[in-house]
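Only one structure is covered here, and it is reproduced in the block below.
A short reminder: the numbers here are calculations on the coordinates, not readings from a lab. Everything numeric in this text was worked out from a predicted model, so none of it was measured. Cβ sites come from the backbone with ideal geometry, for glycine too, and all protein chains shown count toward neighbours.
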Amino acid sequence: MDYNPTTSRATSVEADAAARHQHQSPAAAVDWSITFWGTGDSMGVPRVYCACEVCEEARRSGVNRRYRSSVLLERGEDKLLIDCGPDWTGQMERAGIFWLDELLITHAHQDHIAGLTSYADACRWLKRKGRVITPTEVSDTIRMMYPWLERFVTFQSIEEPWRWHEWSIRPIRVNHGKNGYAYAYRFDRVNDDESAAGSGRRQAYPNDSANPGLRSWVYASDAIGLGEEELRWFQELDLLILGTNFYHEQAEYSTRSVYDMVEAFRLIEDIQPQQVVFTHMSHDIDLRHSYPLLPQVTLARTGMRIGR
Ligand SMILES: Nc1ccn([C@@H]2O[C@H](COP(=O)(O)O)[C@@H](O)[C@H]2O)c(=O)n1
């Protein structure tokens, strides 16, 4: 996996947008990448009421400015956004993207779905029907919360591994602590030969075996205390993107809903992913500080991009 955190800056999203505006062909975007549109916990950073050092820095210079968690998986024109929280409109603007056909949703909490109302407005104005991919138990809740959405979006149920371009996407129902359950998604890249056959894409997106890019990864923004059943799907990963709200959260366990970094280290030692990126971070985390981390761990930054 080609992953260089030192070149991962907020501007990479804008650079992509600029490249698109210069009419680069999809062949120039060589492979799948993941861009962090949001890396914050449910309240984002800065928290509106908070004058802590991290929130103040986020207001001033913005290293710690964190939008609600969301990542874009893309290769050229193929784009899949995971989650659509309340910062979605600004995230689209910053990326220079005007339309997304498909959204994949992890769970029906506001910090992951509140942007769906704006997405529906975009569908309405553009007279296009969007697609919201999520397990039925999640779409049932979304339908109750926003009954008008279905006029503008189609809900696509995902219960089993589901094929999206070269990816097999497996929903994994994960413990979300006091907040119930959420879904993580495991992405496994299936045989390129098969999916490229006849598509004319093989030349445009060469699969360089010396540098295979993203292959198997999990996005688990909202999970805690995962057990054996869930962790079956967290094995042999080249990348784990894991939500960690705090470095070491002091609150009583029964009141919590997301891993902290100290707990995550134990998880990582258990499942041994090659690379790990922590996301869904609260104002407890100051990106100006250097935390004791495991060598394979990086803290996500707004706009950070993984992949080629
Ligand atoms: N039924 C619920 C419960 C909570 N929420 C929102 O989810 C967020 C929870 O924060 P985490 O740190 O546990 O991800 C927070 O914004 C709650 O308002 C909800 O929408 N529905």
Cα→Cβ-extended label distance, 7 Å offset, between THR255 and ASP101, nm
4.6 nm
Non-local residues with an amide H under 5 Å from the amide H of THR106, with H modelled 1.01 Å from N and Pro and chain starts lacking one, are ASP83
Using alpha-carbon positions, the gyration tensor of region 105-182 gives root eigenvalues a ≥ b ≥ c; with a/c under 1.5 called rounded, otherwise prolate if a/b exceeds b/c, else oblate, the class is oblate
Scoring region 84-201 by relative contact order with C-alpha pairs under 8 Å, at least six apart, yields a percentage of 20 percent
Residue span ARG59 to ARG232: 0.36 nm per residue of separation minus Cα-Cα distance leaves a gain in nm of 58.2 nm
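Just to confirm the filter: which chymotrypsin sites (Phe, Trp or Tyr not before Pro) across region 72-103 are DSSP coil and have at most 10 other Cβ within 10 angstrom of their Cβ?
Counting only loop positions with at most 10 other Cβ atoms within 10 Å, the chymotrypsin sites (Phe, Trp or Tyr not before Pro) in region 72-103 are PHE98.
Are there any GluC sites (Glu not before Pro) in region 72-153 that are in a DSSP loop and have at most 12 other Cβ atoms within 10 Å? List them by number. Present the calculation step by step, with values, prior to reporting the outcome.
Working: sites: GLU74, GLU77, GLU93, GLU102, GLU137, GLU150; in loops: GLU77.
Here the GluC sites (Glu not before Pro) that fit, given the DSSP loop and packing criteria, are GLU77.
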